[in-house]
Each structure stands twice: as structure tokens, then as C-alpha cells.
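Okay, so here's the structure we're looking at.
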Amino acid sequence: SATPVNVTVTGAAGQIGYALLFRIASGHLLGPDTPVKLRLLEIPQGVKAAEGTAMELEDCAFPLLAGIDIFDDPTAGFEGANVALLVGARPRAKGMERGDLLEANGGIFGPQGQAINAGAAEDIKVLVVGNPANTNALIAQRNAPDVPADRFTAMTRLDHNRALSQLAGKTGAAVSEIKDLTIWGNHSATQYPDIFHATIGGKPASDLVDQAWLESDFIPTVAKRGAAIIEARGASSAASAANAAIDHVYDWVNGTSADSWTSAAIVSDGSYGVPEGLISSFPVRAKGGEWEIVQGLEVSDFSRGRIDASVAELVEERDAVQGLGLI
Ligand code: NAX
């Protein structure tokens with residue numbers, strides 16, 4: 001039988017962790033032929049709850065689950081990891097300044113990057129979910145100088161899926177008929193969900209909706225969906241975030257479908273005027289275990305302004321963590 005793939009999940013005792021682990025163990029992250037060994041990384045206060053989740057995972061008797069280990073030390077947690085899902089992060093407390101938030105997360109993602117550098121497997125693939133995801137991914141990447149930079153990514157797939165669903169709802173199309181949507185920039189309220197290259201049943205999406213809906217409904221609804229979920233549910237998105245993390249890694253490993261691209265925050269090579277080295281969301285395809293940015297798309301003035309605004313926020317965050325000595 002196949003060698004198990006080591007999957008490290010941080011924040012394993014949290015609500016996304018609870019929604020994520022059962023799907024990884026049942027084969028949805030890597031496919032039905034790949035056994036997995038879970039490595040759960042928590043802070044000491046989270047270990048007991050992670051043990052409870054591990055007991056439930058055992059009780060599912062998943063045929064693909066080859067083992068579960070629990071850690072409160074990043075060096076041990078990332079040892080031999082082939083895939084790392086960095087979910088645990090420091091949330092913004094009331095009255096916390098952005099600098100404090102970035103600094104607190106630097107204290108998490110710096111050491112985790114170093115641990116990945118020290119002990120992860122050669123083929124390590126990292127997805128950062130914990131917010132501020134793009135900049136946390138940048139911190140981890142810069143602290144792992146021996147790992148190819150393109151192994152560090154941040155999640156905008158939830159935003160992408162939200163955009164697909166909103167557009168399907170508006171036009172009455174099935175989600176599966178929509179191709180080539182893009183989320184650009186930061187996973188934050190400045191993100192730009194772009195429909196100008198999207199098609200619905202082969203027709204340009206922009207012919208099927210008007211600019212007013214796009215600007216005053218679609219874009220803000222997608223960008224603020226996280227807040228709307230908190231308002232309705234009394235807790236932040238968890239199952240949908242876990243689902244998006246599964247989609248991201250599954251596509252990265254197995255390749256995107258031939259007929260559409262998707263969105264992921266990956267290290268910029270300077271494409272579309274995004275400064276090299278920033279971890280920013282792009283239209284991407286995955287092939288042979290690597291993401292590539294879809295090239296040659298025409299960018300209208302409207303799109304340019306939105307992309308630039310979100311990228312400017314990423315530059316500010318990068319400069320702030322640089323100023324704090326975190327990268
Ligand atoms: P929870 O607070 O339920 O769980 C977080 C878990 O992380 C806790 O169990 C905590 O003990 C653990 N943790 C904290 N520091 C850690 C460390 N240094 N090492 C290991 N574990 C650590 O949060 P949850 O709802 O699961 O959300 C997790 C993160 O995902 C948050 O930062 C959240 O903002 C972010 N999100 C990102 C999304 C995205 O699209 N990129 C969407 C969903 C979500 O908001």
C-alpha cells in the first residue's frame with residue numbers, strides 16, 4: 001500500500017480544525033488512494049481538546065488514517081511534514097492596533113517557518129489560513145530560507161468560492177457553469193473579486209450582470225461575507241473555510257481542471273505589477289504540483305484601481321513586519 005503523507009495542522013483544536021480534520025482523514029485532501037498521518041500542533045492549552053478530537057477521529061475508523069500525533073512544539077510538529085495547514089493564529093482582540101496584531105502573529109509564524117525550514121519533508125507544501133493570512137504566510141516563508149519560496153501560499157479560495165456562489169445566485173446559473181473568476185490581492189476587505197474574464201455557460205459574465213450590481217452588491221458582499229457569517233452565526237466561518245482549504249490543497253497536488261482557473265495567494269513573480277515577493281492572490285492553475293499565474297489577461301482601469309488598492313495594503317503590511325524585524 002502507498003506510503004502515508006504527513007499532514008501537519010496547526011490550531012487543530014479550533015473550529016476550523018474540527019471541520020477540517022475529518023475531511024482530511026476521510027481522503028478529501030489528497031484523494032481516495034492516499035493514506036494520511038495527521039500531526040496536530042496546538043499551544044499547550046489546546047492539547048487536551050486536540051486529544052478529544054483525535055479520539056473522535058479514531059472512532060471514525062477511517063481506512064486512510066494511518067496515525068495521529070499531537071504536539072505543542074513546532075519543531076516536532078513539522079518534522080517530516082509533506083503538507084502543512086497553518087490555521088492557528090492570534091485573533092485581533094478589542095482595541096488591538098494592526099502593529100500589535102502583526103507582531104503577535106510574527107511570534108507564531110516566524111518560529112513555525114523556522115521549524116518548517118529545519119525539519120519538513122523536501123516536498124513540503126504550506127497553506128496559511130490563519131489571519132492576516134497573506135502576511136502570516138510571508139513571515140513563515142521568509143523564516144524558511146532553505147525551502148523554495150513557492151511552497152508558501154495563503155488562502156483566498158474561500159473568497160473565490162463565495163464569489164462563484166454569489167454570481168450563480170444572481171444569474172440563476174449553476175456554480176459549475178462559471179469559469180475563470182479571480183480574487184486578486186489580500187484576503188481582507190480590500191480584496192478584488194474580478195468577473196471580467198469569467199464566463200457563465202460560455203457567455204461573458206459581465207454581459208449578464210450590470211456594473212452597478214457589481215460595484216455596490218457583488219464586490220462588497222464577497223469582501224464582507226466573513227463579517228456577515230459572524231453576525232448570523234455568532235461565530236466565524238469554519239466549515240466553509242475548511243472546505244476551501246481542502247479545495248486549495250487538492251488542486252495544488254492533483255492539478256486544476258483544464259477548463260477553468262482558480263484563485264490562490266502565492267509568491268508574486270512581478271506579474272500584473274504586483275511587487276515581486278509579496279504573497280498576493282492571482283488567477284492560478286496548478287500543474288505537476290506547482291501553481292502558475294495565468295498570464296496575459298487584459299486589466300481594465302476599473303480592475304487596475306481595485307488590484308492596486310489591495311496590493312498597496314499588502315505592501316503596508318510587509319513594510320510593517322519588516323519594521324518589526326519579523327522578516
Ligand atoms: P479558533 O480560535 O477556533 O481556533 C484557533 C486555534 O488555534 C485554537 O485552538 C488555538 O489554541 C490555536 N492556536 C493559537 N496559536 C497557536 C499556535 N501558535 N500554534 C498552534 N495552534 C495555535 O479559530 P478558527 O475559527 O479555527 O480560525 C482560525 C484562523 O482562521 C483565524 O485566524 C481566522 O481569522 C482564520 N480564517 C481565515 C479564513 C481565510 O479565508 N483565509 C477564513 C476563516 C477564518 O476566519
Out of (1) surrounded by fewer than 24 Cβ atoms within 10 Å (Cβ to Cβ); (2) in a helix (DSSP H, G or I); (3) among the aliphatic types (A, V, I, L, M), the odd one out for residue 163 is which? (1)
Taking first residues from the stretch 25-47 that are at negative phi and second residues anywhere that are away from the ligand (no atom under 16 Å from the Cβ) and among the aromatic types (Phe, Trp, Tyr), the pairs with Cβ under 6 Å that are 6 or more apart or on different chains are 25/62; 26/62
Tell me, please, whether a residue that is away from the ligand (no atom under 14 Å from the Cβ), surrounded by fewer than 19 Cβ atoms within 10 Å (Cβ to Cβ) and not charged (D, E, K, R) can be found in the stretch 122-139. no
How many residues of the stretch 80-91 are within 21 Å of residue 123 (Cα to Cα) and surrounded by 19 or more Cβ atoms within 10 Å (Cβ to Cβ)? The answer is 7
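Just give me the residues in the stretch 167-189 being at negative phi and either within 16 Å of the chain's Cα centre (by Cα) or in a strand (DSSP E or B) (or both), in sequence order. Even if it seems obvious, please write down each step before you answer.
Initial filter on the stretch 167-189 (at negative phi): 167-171, 173-179, 181-184, 186-189.
The answer is 178, 179, 182, 183, 184, 186, 187, 188, 189.
Any residue at all in the stretch 162-179 that is of a type in the set (D, E, K, R) and under 21 Å from residue 239 (Cα atoms)? Spell out how you get there, then give the answer.
First pass over the stretch 162-179, keeping only residues of a type in the set (D, E, K, R): 162, 170, 177, 179.
From what's left, under 21 Å from residue 239 (Cα atoms): 162.
Yes, the stretch 162-179 contains a residue that is of a type in the set (D, E, K, R) and under 21 Å from residue 239 (Cα atoms).
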Could you check the stretch 117-157 and list, in sequence order, the residues that are over 19 Å from residue 325 (Cα atoms), without any contact (Cβ under 8 Å) to a residue 40 or more places away in the chain and not acidic (Asp, Glu)? 147, 148, 151
Hey, could you check the stretch 52-68 for residues that are open to solvent by less than 90 Å² (accessible area, probe 1.4 Å) and of a type outside the set (A, V, I, L, M, F, W, C) and say which is farthest from residue 31 (Cα to Cα)? 52
Is the stretch 217-229 home to any residue that is modelled with pLDDT of 95 or more, acidic (Asp, Glu), assigned to a helix (DSSP H, G or I) and open to solvent by 60 Å² or more (accessible area, probe 1.4 Å)? yes
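Every residue, every condition in (1) more than 14 Å from the ligand (Cβ to nearest atom); (2) on the phi > 0 side of the Ramachandran plot, yes or no:
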| site | (1), (2) |
| --- | --- |
| 225 | no, no |
| 252 | yes, no |
| 255 | yes, yes |
| 264 | no, no |
| 273 | yes, yes |
| 278 | yes, no |
For residue 84, which of the numbered conditions (1) touching a helix residue (DSSP H, G or I) at 6+ places or on another chain (Cβ under 6 Å); (2) of a type outside the set (Ser, Thr, Tyr); (3) touching a residue at least 60 places away in the same chain (Cβ under 8 Å) fails to hold? (1)
Among the residues of the stretch 1-18, what is the count of those that are of a type in the set (A, V, I, L, M, F, W, C) and more than 8 Å from the ligand (Cβ to nearest atom)? 4
Residue hits (the stretch 1-23; assigned to a helix (DSSP H, G or I) and either touching a Phe, Trp or Tyr at 6+ places or on another chain (Cβ under 9 Å) or open to solvent by less than 40 Å² (accessible area, probe 1.4 Å) (or both)) are 16, 17, 19, 20, 21, 22
Are there any pairs, at least 6 apart or on different chains, whose C-beta atoms fall under 8 Å, with the first in the stretch 179-190 and free of Cβ contacts under 8 Å to residues at least 40 places away in the same chain and the second within 15 Å of the ligand (Cβ to nearest atom) and not in a loop (DSSP other than H, G, I, E, B), and if so, which? 189/223
Need the failing condition index for residue 143 against (1) in contact with a helix residue (DSSP H, G or I) (Cβ under 6 Å, 6 or more places away or on another chain); (2) within 22 Å of residue 224 (Cβ to Cβ), just the number. (2)
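The values are calculated or read from the model by the stated rules, or taken from the named source; none is laboratory data. Since the model is a prediction, treat every value here as computed from it, not as a measurement. Neighbour counts run over all protein chains shown; Cβ positions are idealised from the backbone, glycine included. Remember, those area values only see protein heavy atoms, side chains included, never the ligands or the DNA or RNA. Shrake-Rupley method; radii C 1.70, N 1.55, O 1.52, S 1.80 Å.
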